[in-house]
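Enquirer: Quick one: the structure is below, questions incoming.
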Amino acid sequence: MKPLLKLIKATGIWAPALVLISHQFLHVKSYATLIDWMHHFSGGLAFSYFVWKSLPFFSRWGGTPTLPGRLTVTFLAGCTAALLWEIAEFSSDLLLNTHIQKSVQETMMDIVNGFLGTSCTILAQGFLSLNKRHHSKIHSNTISQQPL
């Protein structure tokens with residue numbers, strides 16, 4: 001059980017799972033349209049965080065990506081997930097006669113909110129990575145300049 005918990009923490013899969021679970025509990029009929037944007041925004045945040053945290057596990061097959069490469073892959077995966085989610089909703093409406101999508105405007109706003117969530121994750125991870133790199137560079141310079 002402990003290795004599974006470590007994997008869940010290391011990959012960040014808990015983030016999109018938490019969004020899906022919270023969606024089920026917060027999806028009250030009368031408030032659904034008012035908070036729908038939040039689900040798509042947080043879905044973009046969570047899925048992009050999951051991709052960001054999971055990319056190092058694939059370095060064995062694709063090598064270790066540079067920071068811009070990792071940010072690009074995360075951004076593209078997050079935007080693709082937002083688009084595929086809306087395609088799944090559309091397919092459900094067509095094939096299962098559900099009524100998830102109310103209008104083209106609502107669908108586009110869902111995609112935009114997923115994009116914005118992904119963009120926030122990219123900006124935060126980029127900033128944190130550059131800040132971490134800057135601090136480690138300063139720390140290594142300080143250590144190398146200390147007398148033995």
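Quick note: the coordinates plus some simple rules give every number you see, no bench work behind them. Given the structure is predicted, the values throughout are model-derived calculations rather than measurements. So basically every Cβ, Gly included, is an ideal-geometry build from the backbone, and we count neighbours across all protein chains shown.
Enquirer: If each Cα of the chain is one equal point scatterer, what is log10 of I(q)/I(0) from the Debye formula at q = 0.10, 0.18 Å⁻¹?
Expert: -0.46, -1.10
Enquirer: For the chain, what is the calculated [θ] at 222 nm in deg cm²/dmol (nearest 500), taking -39500 (n - 2.57) for each run of four or more DSSP H residues and dividing by its residue count? Provide the component values of the computation, followed by the final result.
Expert: Details: 6 runs with 121 residues, N = 148.
Mean residue ellipticity at 222 nm (helix-derived): -28000 deg cm²/dmol.
Enquirer: In addition: Would you mind counting up the charge near residue 50? Only other residues with Cβ under 15 Å from its Cβ, with Lys and Arg at +1 and Asp and Glu at -1.
Expert: Result for the local shell: +3.
Enquirer: Give me the percent relative contact order of the chain, please, defined on Cα pairs under 8 angstrom at least 6 residues apart.
Expert: 29 percent
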